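The values are calculated or read from the model by the stated rules, or taken from the named source; none is laboratory data. Computed from a prediction, not measured in an experiment: that's the story for all the values here. Methodologically, a virtual Cβ is constructed for each residue, glycine included, from the backbone with ideal geometry; neighbour enumeration extends over all protein chains shown. Quick note on the areas: whole protein, heavy atoms, side chains included, nothing else; ligands and nucleic acids left out. Shrake-Rupley method; radii C 1.70, N 1.55, O 1.52, S 1.80 Å.
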Amino acid sequence: MPERAARERAADFDEVALGYTEEQARAEAMRCLQCKNATCIPGCPVNIDIKSFIGHIIDGDYAAGVAVLKERNALPAVCGRVCPQEEQCEIACVLAKKGEPVAIGRLERWLGDFDLACELEKRCVPEVAPASGFRCAVVGSGPAGLACAGELARLGHSVTVFESLHAPGGVLTYGIPEFRLPKAIVESEILMLTEMGVEIVTDAVIGATYTIDELMAEEGFDAVFVGSGAGLPIFMGVPGENLNGVYSANEFLTRVNLMRAYEFPHADTPVARGRKVAVVGGGNVAMDAARTALRLGAEEVFLVYRRTEDEMPARREEVHHAREEGVEFKMLCSPSEIVGKDGFVTGLVATRMELGEPDASGRRAPVCVLGSEFEIECDTVIMAVGTRANPLLAKAAPDLELSSRGYILADDDGATSLPGVFAGGDIVTGAATVIQAMGAGKISARAMDRYLRERR
Amino acid sequence: MFEVVHKRQLSDAVFEMGVAAPRIARKVAAGQFLMLRVDEDGERIPLTFSDWSAEEGWVRFIFMRVGKSTHKLSHLEVGDAVADVVGPLGVPTHTEDLGRVAVVGGGVGAAVAYPVARAMAEAGAEVTVILGARNAELLILADEFAALPLAELIVMTDDGSAGEKGLVTAPLKRLAESGSIDHAMAIGPAIMMKFCAETTRAFRVPTTVSLNPIMVDGTGMCGACRVSVAGETRFGCVDGPDFDGHAVDFEELMSRQRVYAEEEREADAEYSRGCACHL
Ligand SMILES: Cc1cc2nc3c(=O)[nH]c(=O)nc-3n(C[C@H](O)[C@H](O)[C@H](O)COP(=O)(O)OP(=O)(O)OC[C@H]3O[C@@H](n4cnc5c(N)ncnc54)[C@H](O)[C@@H]3O)c2cc1C
Ligand SMILES: Cc1cc2nc3c(=O)[nH]c(=O)nc-3n(C[C@H](O)[C@H](O)[C@H](O)COP(=O)(O)OP(=O)(O)OC[C@H]3O[C@@H](n4cnc5c(N)ncnc54)[C@H](O)[C@@H]3O)c2cc1C
Ligand code: SF4
Ligand code: SF4
Ligand code: FES
């Protein structure tokens, strides 16, 4: 797939990957063997009928291809961009054994974009069942909430989504940067849901503006889905962590994406434009933060990770992009202190690590090398070491059963300990992926539908 | 959009504003705050509820014009609208079973102190309010406080142009020393809260402060608002804004409040150049 040159793209926030042309898409689609036993399909967490949508590209019936995607996935232009395809559908493709699976994600993206480029009337709006008379509330407008809302609407229920921020989309809007997922795409995918009759209420914090009880007892909702995400950033607890210039990745990315700090002072929210930036972590979030810092004008960006590149949980593609753009990798080291002057960061002290015996996760656990501390000069430190469950909602719904780590306990259908209340996405599983959150939202929607119809 | 339904100028730089927000008005308790975004380019700023009416569906806040966001806000008139209002956020101030309490409101902190003192008095506490301002012109809400059922209202100004001349810590010390208070609450600039907490520490009077760290989302998602309390990092927006004044690291708070000083000056200077009010 064509990409913009590293030097050019690292200077702005425009999308890195340019997407296929029609010819390229068709040529790639032709590589698909249309297998009798399409092993790619079970590789997708929501079981998109991959063989069939690719078949429609080959036949040139793109609208039919879009319809196949939307059967299972309300946001194809998003998933085609951010899914870890190489671990899901593509690794399961028969051609993967030969080293070159069909580029399923890129084809999905191309079809998704084809649909978005159509005029609204021509876009594929899934068929909506006759009105059931039931009202459902969805808490949170991230991928889990949006997928649940879309499916509930399709099943004929009236749906209201409550979002605490001023814009819907969850991590798609505030976390994943523009250069990887343009916000205009998220907005038009969401527009599709509102076309289906889904109402989105922003500025509504469930637990503060309404409790879950009130939604059901006073506001007349028959069932509630909670998809509030894993929002609370983790800090490492090392000295100096509250110095000016130390950010959580959530704060840094929110300032830039949601609040458009890169347009400061035209947009009112500032962000530190670090000259030398250290990002701590090795996941997608760390890559996004590092690449964002580069685009804000940093001269040097270091990625500090305590294991090696092989253990990094980030997608290969993102690691590759980050390196190409000039992010410097400092592997096998872990922060032990952040130092500063007059309240502002001047450096990060790190300790070298060695890989020891495999731990519970099967990865070799890093151990400190005594006396190996060294200092990295920097004026900004971004912590991308994970998130925890936000306690806000749970505090307001004390009967909701939680795991010992504060995540909502839900069964395979998303049912929680409260009748009529379902949950899914990161608030149940801990930080995962967009498509897994969407899958959970959709499964819950079906379970909610059964719950409602049985009650009638 | 949230319609502005009330506006009143309290002093040169301090304004009282009300917006229609029926859903929020039903839920507010004293000490809680809202996040407000003036317009589509606006930043999210926290402001404390100063008053509200569930029946009439409005909430009010009092703000001081200090930078671009509050400058823009000060230009709105009744009938205009702000893009976003979110709330009520934060843990409500503890107002029950306080016995004899001194509430100190410094500068625009008086706006936050007002609903707090009112709620404490309603809950049966014997409330002494100490209001502090640089001069009489900057003193706000004195009449409103005077109308509350208080044990005493003490006014302090730096230059003696209203009430007594001196700092709020002087009467606070008097009250703490004489054993006339069981609890103190200080709301205002960080430096004032710090000195109030120092004053009461010697007399072991439990002291609550209402912290004002920089915030972004106000819901626990970003950590911008982190403060150190008893050596632990806490999030001002969801764990606070009220904390034990004797355990707060005020130096860190004050340092963190200044992180964007340069950018803030730049933004307001740029805005003021194109702004008709020339303030
Ligand atoms: C920077 C970053 C990059 C990522 N990159 C990828 C990637 O490339 N590929 C991938 O598959 N995954 C990626 N992920 C992970 C993926 O984004 C998440 O797993 C997914 O978004 C989870 O969806 P969700 O709907 O459960 O939660 P979220 O997306 O977190 O959405 C939750 C929503 O609920 C709202 N909310 C929270 N509490 C309340 C409340 N009390 N009331 C009302 N609303 C509330 C929040 O404001 C938010 O909008 C990334 C994550 C981050 C942070
Ligand atoms: C819980 C809480 C309650 C508050 N209640 C009130 C109130 O009732 N009345 C009132 O006048 N002020 C209140 N403040 C302070 C108010 O939020 C700031 O004055 C306002 O954000 C300044 O924005 P600005 O753009 O006009 O000024 P800027 O030029 O941006 O900043 C001026 C100063 O305000 C502070 N500040 C800036 N941005 C933020 C932000 N996003 N969050 C918090 N502080 C910031 C900084 O310390 C800065 O030095 C409260 C703050 C908090 C945290
Ligand atoms: S949704 Fe993701 S996993 Fe499923 S087919 Fe599309 S790219 Fe592959
Ligand atoms: S497994 Fe690969 S080749 Fe076979 S149908 Fe799926 S995408 Fe096509
Ligand atoms: S303001 Fe973001 S966590 Fe408190």
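When the residues of segment B:241-279 are filtered to those that are at pLDDT 90 or above and part of a loop (DSSP other than H, G, I, E, B), the one that is nearest to the other protein chains (Cβ to nearest Cβ) is B:D249. Listed by first and then second residue, the pairs with beta-carbon distance under 8 Å, at least 6 apart or on different chains, first residue in segment B:220-232 and at positive phi and within 7 Å of chain A (Cβ to nearest Cβ), second outside any loop (DSSP other than H, G, I, E, B) and more than 16 Å from ligand 1 (Cβ to nearest atom), form an empty list.
Look at B:V238 and say whether it is buried (at least 17 other Cβ atoms within 10 Å of the Cβ), within 16 Å of ligand 1 (Cβ to nearest atom) and not in a loop (DSSP other than H, G, I, E, B). Judged against the criteria, B:V238 is a match. Restricting segment B:198-219 to residues that are within 9 Å of chain A (Cβ to nearest Cβ) and among the β-branched types (V, I, T) leaves a set whose member that is nearest to ligand 5 (Cβ to nearest atom) is B:V216. The strands (runs of 3 or more DSSP E) found entirely in segment B:1-115 that carry 2 or more residues being surrounded by 18 or more Cβ atoms within 10 Å (Cβ to Cβ) and within 11 Å of another protein chain (Cβ to nearest Cβ) are B:33-37, B:84-89.
Looking at segment B:131-150, can you tell me whether even one residue there is open to solvent by 30 Å² or more (accessible area, probe 1.4 Å) and polar (S, T, N, Q)? Within segment B:131-150 (the criterion being open to solvent by 30 Å² or more (accessible area, probe 1.4 Å) and polar (S, T, N, Q)), the answer is yes, since at least one residue qualifies. Of the residues making up segment A:227-241, those that are within 13 Å of ligand 5 (Cβ to nearest atom), at the interface with chain B (Cβ under 8 Å from one of its Cβ atoms) and open to solvent by 20 Å² or more (accessible area, probe 1.4 Å) number 1.
Restricting segment A:303-339 to residues that are assigned to a strand (DSSP E or B) and in contact with a helix residue (DSSP H, G or I) (Cβ under 8 Å, 6 or more places away or on another chain) leaves a set whose member that is least open to solvent (accessible area, probe 1.4 Å) is A:L303.
Yes or no: A:T269 in the same structural domain as A:D413 (by TED's automatic domain parsing) and without any contact (Cβ under 8 Å) to a residue 60 or more places away in the chain? Answer is no for this residue.
Here's the yes/no breakdown for (1) modelled with pLDDT of 90 or more; (2) in a loop (DSSP other than H, G, I, E, B):
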{"site": "A:E189", "(1), (2)": "no, no"}
{"site": "A:T194", "(1), (2)": "yes, no"}
{"site": "A:G197", "(1), (2)": "yes, yes"}
{"site": "A:I200", "(1), (2)": "yes, no"}
{"site": "A:D203", "(1), (2)": "yes, yes"}
{"site": "A:M216", "(1), (2)": "yes, no"}
{"site": "A:F221", "(1), (2)": "yes, yes"}
{"site": "A:V224", "(1), (2)": "yes, no"}
{"site": "A:A230", "(1), (2)": "no, yes"}
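Reported count of residues in segment A:385-441, each being within 11 Å of ligand 1 (Cβ to nearest atom), out of contact with any strand residue (DSSP E or B) (no Cβ under 6 Å at 6 or more places or on another chain) and farther than 22 Å from A:T211 by Cα, is 12. With the requirement that a residue be open to solvent by 20 Å² or more (accessible area, probe 1.4 Å), within 9 Å of chain B (Cβ to nearest Cβ) and outside any loop (DSSP other than H, G, I, E, B), what does segment A:251-284 give you? Answer for segment A:251-284, where residues must be open to solvent by 20 Å² or more (accessible area, probe 1.4 Å), within 9 Å of chain B (Cβ to nearest Cβ) and outside any loop (DSSP other than H, G, I, E, B): just A:E263.
Screening segment A:43-65 for residues that are assigned to a helix (DSSP H, G or I) and either more than 18 Å from A:A27 (Cα to Cα) or more than 12 Å from ligand 4 (Cβ to nearest atom) (or both) and picking the one that is most open to solvent (accessible area, probe 1.4 Å) gives A:D59. Got at least one residue in segment A:206-221 being acidic (D, E), away from chain B (no Cβ under 14 Å), over 17 Å from A:L75 (Cβ atoms) and open to solvent by 30 Å² or more (accessible area, probe 1.4 Å)? Scanning segment A:206-221 turns up no residue that is acidic (D, E), away from chain B (no Cβ under 14 Å), over 17 Å from A:L75 (Cβ atoms) and open to solvent by 30 Å² or more (accessible area, probe 1.4 Å). Of the residues making up segment B:143-195, those that are charged (D, E, K, R) and without any contact (Cβ under 8 Å) to a residue 12 or more places away in the chain are B:D143, B:E164, B:K165, B:R174.
Determine, yes or no, whether A:A447 is among the small types (G, A, S), within 16 Å of ligand 3 (Cβ to nearest atom) and away from chain B (no Cβ under 14 Å). No, not satisfied.
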